[in-house]
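One structure is given below, encoded as structure tokens.
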Amino acid sequence: MENKQYDREAALALLRKYVKSESLLKHALTVEAVMRHFAALYHEEQDKWGLIGLLHDIDFEMYPEQHCFKTRSILAAENWPEEYIRAIESHGYKLVNDVEPITNLEKVLYTVDELTGLIAATALLRPSKSILDLSVKSVKKKWKQSSFAAGVNRSVIEDGAAMLGMSLDDVIAETIRGMQKVADEIGLRGIVA
């Protein structure tokens, strides 16, 4: 990016200041990778999409009751652009705020945030414990079990897919592909024969 202040190193350092949980850090890396993957599909700026994905839950651990609200003060204090802040706020649409996802970037973040959790949980249940051999069919099977990954808001994912004009299967497939690119970093390489 043109301004070094908004590079990945700076974003990671800021994230680690507010997020200590290993699972939340892995989630941030997961969403970053998926956002970069979708940015490539949309011929958009992968670095920007990735940084927004990386920082999307920056306020979640320290301020769970103010999730998506504290983001603004945290990032504004560090002079992050309004576009990034608004995009991050939009992933809380209908959950904690009324910041509707408008751009493709915002719609993708809104859709994949919850979905990555369901996909990771599905991969970990497989004998291989790997994202590398995970199929859409396996995820859809677990999708139908409401008790599985019960905290995942499936209606958000469905709404997001509709906003993007994509089928649920296609959104799941592309999200898996994005996660596969960082299988080692997110602990989902597993043992693939």
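The values are calculated or read from the model by the stated rules, or taken from the named source; none is laboratory data. These numbers were taken from a predicted model, which means no experiment stands behind them. Every residue, glycine among them, receives a Cβ derived from its backbone with ideal geometry; neighbour counts consider all protein chains shown.
See the values below:
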item	result
Positions within segment 90-114 being among the charged types (D, E, K, R) and out of contact with any helix residue (DSSP H, G or I) (no Cβ under 6 Å at 6 or more places or on another chain), in sequence order	LYS94, ASP98, GLU100
Enumeration of residues in segment 17-27 that are touching a residue at least 24 places away in the same chain (Cβ under 8 Å) and either hydrophobic (A, V, I, L, M, F, W, C) or touching a Ser or Thr at 6+ places or on another chain (Cβ under 6 Å) (or both)	VAL19, LEU24
Counted residues, segment 115-148 - those being in contact with a His (Cβ under 8 Å, 6 or more places away or on another chain) and among the polar types (S, T, N, Q)	1
Some residue of segment 111-126 being among the basic types (Lys, Arg) and within 21 Å of PRO64 (Cβ to Cβ)	no
Where THR30 falls short, out of the listed (1) in contact (Cβ under 8 Å) with a residue 24 or more places away in the chain; (2) of a type in the set (Ser, Thr, Tyr); (3) farther than 20 Å from ARG189 by Cβ	(3)
Condition broken by VAL31, with the remaining ones in (1) under 18 Å from GLU114 (Cα atoms); (2) over 15 Å from the mean Cα position of the chain (by Cα) satisfied	(2)
Residue that is surrounded by the fewest Cβ atoms within 10 Å (Cβ to Cβ), among those in segment 94-109 that are without any contact (Cβ under 8 Å) to a residue 24 or more places away in the chain and in a loop (DSSP other than H, G, I, E, B)	ASP98
Hey, ALA77 touching a residue at least 12 places away in the same chain (Cβ under 8 Å) and among the small types (Gly, Ala, Ser) or not	no
Residue satisfying condition, being hydrophobic (A, V, I, L, M, F, W, C), under 15 Å from the mean Cα position of the chain (by Cα) and more than 27 Å from ASP170 (Cβ to Cβ), within set ILE58, ILE74, ILE52	ILE58
Contacts under 7 angstrom Cβ, first residue in segment 42-59 being at pLDDT 95 or above, partner of a type in the set (Asp, Glu), 6 or more apart	GLY50/GLU32; GLY53/GLU32; LEU54/GLU32; HIS56/ASP113
Test: residue in segment 166-180 that is of a type outside the set (Ser, Thr, Tyr), at positive phi and buried (at least 18 other Cβ atoms within 10 Å of the Cβ)	no
Residue in segment 69-81 that is in contact with a strand residue (DSSP E or B) (Cβ under 9 Å, 6 or more places away or on another chain) and not basic (Lys, Arg) present	yes
